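Take a look at the structure set out below.
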Amino acid sequence: MESRRLIYLDNNSTTPCDPRVVETMVPYFFEKHGNAASRSHQFGWEAEDAVDYAREQISKLIGADEKEIIFTSGATESNNLALKGVFEMYAKKGNHIITLETEHKAILDACKYLEKHGAEVTYLKVEEDGLIDTAKLEAAIKPNTVLVSVMWANNETGVIQPMREIAQICEKHGVLFHSDATQAVGKIITHPREIGIHLMSFTAHKMYGPKGVGALYVSRKNPRVKVTAQMDGGGHERGMRSGTLNVPGIVGFGKAAEIAMQEMASDAARLSKLRDHLETELSKMEETKVNGNVNSRMPHVCNISFKHVEGEGLMMTFNQNVAVSSGSACTSASLEPSYVLVAMGLGDDLAHSSIRFSLGRFTTEKEVDDAIELVRNGVNHMRELSPIWEMYKDGVDLTKIEWSAH
Ligand SMILES: *Cc1c(COP(=O)(O)O)cnc(C)c1O
């Protein structure tokens, strides 16, 4: 009997490379191995042409000018370059940055670093559905505010922030607007110039491209934005990011962008149907809760809490067959509940019992059906073993219980 393939529903962590992407990359490891900065021979010219072409493919995907794309090693670096680079470049204008509690660690930790270096940072709360209240954002802007950084779509819940409204507020107050759009680019339309975003981070490996290559969009006109380089060296990428370009990676990134442009709409339509099916079926189980605003959400993501079940334990019941992420243990071996879900007001118990399902281009209907069954069995199994579930079924009000003191 053919063994069952492990079902991958963790595409928000990383996506597999599209075979068409790998194919275009291969020559750049071998016969076209040049350094894009070598100006004196064919190898260099070929590499430079390939990078130029990828820059064009990527700029088309996001409705930008080629010169507005700065290649980096990924979204972590792009976020660091955007925040630290703007903070340094615009130091004379002010030192206040506004961001969200639900941002990715690459934003939050860069902000913490900046706080040690003279920045004042406001971490805005989100509402229970994960969306920000734009009135609260506007109220947080002060005369010394230089930057607002708000992610386009959340990696844990898929919740999409009201980018246009945020941009309008930033425009009104003359504040720069950065977005970590890593989870949105290539999956929904993300045109920073059209929206009014001045800097935008994204990465190839979340859109079926290779790992280790990303980009920062930096607006070149109205306004012309500059960031202080965070690495000193040869002055590549218009002086904003030194270092020999990852030519094969960039070529793959370009191809991934081209495919995304062609297939985004059909992928989204197919995946939202599969996601809705998964969510509907799992929500039929008792005591479940879908986390995040379902009307402003990425088409391939669903985050569900299975009450009275511990997410990590639940995952163990099916992780031989289905790969997902749980709302705990995101970092290292700690069993801390997801700070994103906690920021949305979920209690520790609900945050701990949550599972994130993120579908992708290569997810099939059969895989979703199999996953539904495996997860359902896992939840039932965990609940059968759980004294808390038994108490709940016996009608005990769990909120009234006095657990013994530690
Ligand atoms: C994955 C991710 C990152 C980090 O991207 P890398 O390219 O792996 O550094 C940053 N922000 C968000 C929202 C992400 O999902």
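Before moving on, here are some points about what is shown:
- Residues located in the range 85-112, provided they are closer than 30 Å to GLU56 by Cα and away from the ligand (no atom under 15 Å from the Cβ): GLY85, VAL86, PHE87, GLU88, MET89, TYR90
- Restricting attention to the range 1-50, the residues that are away from the ligand (no atom under 16 Å from the Cβ), among the polar types (S, T, N, Q) and either within 22 Å of the chain's Cα centre (by Cα) or exposed (fewer than 13 other Cβ atoms within 10 Å of the Cβ) (or both) add up to 3.
- Hey, ILE166 aliphatic (A, V, I, L, M) and touching a Pro at 6+ places or on another chain (Cβ under 9 Å) or not: no
- Restricting attention to the range 138-148, the residues being crowded, with 20+ Cβ neighbours inside 10 Å and either more than 10 Å from ILE98 (Cβ to Cβ) or in contact with a helix residue (DSSP H, G or I) (Cβ under 6 Å, 6 or more places away or on another chain) (or both) number 2.
For every residue, the table says whether it meets (1) at pLDDT below 95; (2) among the small types (Gly, Ala, Ser); (3) touching a Ser or Thr at 6+ places or on another chain (Cβ under 7 Å).
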| residue | (1), (2), (3) |
| --- | --- |
| GLY292 | no, yes, yes |
| ILE304 | no, no, yes |
| ASN319 | yes, no, no |
| THR331 | yes, no, no |
| SER353 | yes, yes, yes |
| SER358 | no, yes, no |
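- Scanning the range 188-217 for residues that are in a strand (DSSP E or B), within 11 Å of the ligand (Cβ to nearest atom) and either surrounded by fewer than 23 Cβ atoms within 10 Å (Cβ to Cβ) or among the hydroxyl-bearing types (Ser, Thr, Tyr) (or both) yields SER201, THR203.
- The requirement of being touching a residue at least 60 places away in the same chain (Cβ under 8 Å) and assigned by TED's automatic domain parsing to the domain that holds ILE166 is satisfied by LEU81.
- Matching entry among SER78, SER73 (being within 19 Å of ALA229 (Cα to Cα), open to solvent by 10 Å² or more (accessible area, probe 1.4 Å) and either near the ligand (Cβ under 10 Å from one of its atoms) or among the β-branched types (Val, Ile, Thr) (or both)): SER73
- On inspection, GLU286 qualifies as surrounded by fewer than 22 Cβ atoms within 10 Å (Cβ to Cβ) and over 25 Å from PRO162 (Cβ atoms).
- Residue list for the range 82-114, filter: open to solvent by 70 Å² or more (accessible area, probe 1.4 Å) and over 23 Å from SER338 (Cβ atoms): GLU88, MET89, LYS92, LYS93
- Residue identified as touching a Gly at 6+ places or on another chain (Cβ under 9 Å) and of a type in the set (Asp, Glu) among GLU194, GLU165: GLU194
- The set of residues in the range 281-310 being of a type outside the set (A, V, I, L, M) and over 19 Å from VAL159 (Cβ atoms) consists of GLU281, LYS284, GLU286, GLU287, PHE306, LYS307, HIS308, GLU310.
- Only listed residue being within 14 Å of the chain's Cα centre (by Cα) and under 19 Å from GLU48 (Cα atoms), chosen from GLY214, GLY235: GLY214
- Any hit, the range 150-173, residues being away from the ligand (no atom under 16 Å from the Cβ), modelled with pLDDT of 95 or more, closer than 30 Å to VAL324 by Cβ and open to solvent by 10 Å² or more (accessible area, probe 1.4 Å): yes
- With respect to the stated conditions, GLY292 fails to be closer than 30 Å to PRO27 by Cα and either touching a residue at least 12 places away in the same chain (Cβ under 8 Å) or β-branched (Val, Ile, Thr) (or both).
- Only listed residue being touching a Ser or Thr at 6+ places or on another chain (Cβ under 8 Å) and in the same structural domain as PHE29 (by TED's automatic domain parsing), chosen from GLY233, GLY239: GLY233
- You will find that of GLY313, GLY345, the residue that is among the small types (Gly, Ala, Ser), out of contact with any strand residue (DSSP E or B) (no Cβ under 7 Å at 6 or more places or on another chain), under 28 Å from GLY395 (Cβ atoms) and open to solvent by 40 Å² or more (accessible area, probe 1.4 Å) is GLY345 and no other.
- First in the range 90-113 and without any contact (Cβ under 8 Å) to a residue 40 or more places away in the chain, second anywhere and assigned to a helix (DSSP H, G or I) and within 11 Å of the ligand (Cβ to nearest atom), Cβ under 9 Å, 6 or more apart: ASP109/ASN80; ALA110/THR76; ALA110/ASN79; ALA110/ASN80; TYR113/ASN80
The values are calculated or read from the model by the stated rules, or taken from the named source; none is laboratory data. This structure is a prediction, so every number in the text was calculated from the model and none was measured. Virtual Cβ from ideal backbone geometry, glycine too; neighbours counted across all protein chains shown. Note: areas computed on protein heavy atoms with side chains; ligands, DNA, RNA excluded. Shrake-Rupley method; radii C 1.70, N 1.55, O 1.52, S 1.80 Å.
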